[in-house]
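A.B. asks: Got a structure for you, written out below as structure tokens; questions coming shortly.
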Amino acid sequence: MDDATCCCICSGRQHGVEVHNIVLNANKEPSDCLSILRNEDEALFPDDEFLFADPRLNGLVLDLDRLQVNAEQTTLYVCHPCNGYLPRFLMPCYALANRLYRGHFPEEFQDLTWIEERVCAKFTNTAVVTRHYQSSDSSQSTCSTAIHAHTR
């Protein structure tokens, strides 16, 4: 299952990052540390936005495509960085619940190219990295870098 390599908390696909399986057995309540992923912006999303086949997860901001639910158990696929935050009851930086969830992409826009997405985007980011040499001799290793960013 290719989606199992993605994280249900941050919806990220990171190559070379360990993925942990959080297994919730049918007769066991989920850990309290998952409660930090609860939807706090109920006014922004409809009531049925975060409903899952496993009712114990209802209201948590999770990526539905990164969950596996069957009669015996529910498996949450969580990347190593997100898994490190949960036991400490801390919100992972890139968690969808950390105000990074913006809703589902409409079906008719699923096949857009990246340039079409960029044209339609409300905000676009541009970053340029420049290298500043402190000598006229570019072979010397004394240089600094600067990042110039712009959001439109």
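Only the coordinates and a few stated rules stand behind these numbers; no lab work does. As the structure is a computational prediction, the values presented were derived from the model and not from experiment. We place every Cβ from the backbone using ideal geometry, glycine too, and count neighbours over all the protein chains shown.
A.B. asks: Which residue, chosen from 60, 12, 84, occupies the Cα position most advanced towards the positive end of the dipole of the stretch 2-88, where the dipole is computed from +1 (Lys, Arg) and -1 (Asp, Glu) charges on Cβ about the Cα centre?
C.D. replies: Most positive-ward Cα: 84.
A.B. asks: Using unit Cβ charges (K, R positive; D, E negative) and no other charged atoms, how large, in debye to the nearest 20, is the dipole of the stretch 1-137 about its Cα centre?
C.D. replies: Around 620 debye, computed over the stretch 1-137.
A.B. asks: What are the ³J(HN,Hα) values, in whole Hz, obtained from phi via the Karplus relation 6.51 cos²θ - 1.76 cosθ + 1.60 with θ = phi - 60°, for each residue of the stretch 68-75 in sequence order, with x given for Gly and Pro?
C.D. replies: Result, ordered by residue: 10, 10, 9, 5, 7, 7, 10, 10 Hz.
A.B. asks: Ordered by packing density, taken as the mean number of other Cβ atoms within 10 Å over each peptide's residues, highest first, how do 85-91, 56-62 rank?
C.D. replies: Highest mean packing first, the order is 56-62, 85-91.
A.B. asks: With θ set to phi - 60° and the Karplus curve 6.51 cos²θ - 1.76 cosθ + 1.60, what are the ³J(HN,Hα) couplings of the stretch 51-64 in order, to the nearest whole Hz, using x for Gly and Pro?
C.D. replies: Each residue's phi maps through the Karplus curve to give 9, 10, 4, 9, x, 5, 9, 4, x, 8, 7, 10, 7, 4 Hz.
A.B. asks: Would you mind computing, in nm to one decimal, how far apart the modelled labels at residue 23 and residue 146 are, each placed 7 Å from Cα along Cα→Cβ?
C.D. replies: Distance between the two pseudo-spin positions: 5.5 nm.
A.B. asks: Can I ask one more? Normalised by the residues of the stretch 2-88, what does the relative contact order come to in percent, with Cα pairs under 8 Å and at least six apart?
C.D. replies: Across the stretch 2-88, relative contact order equals 47 percent.
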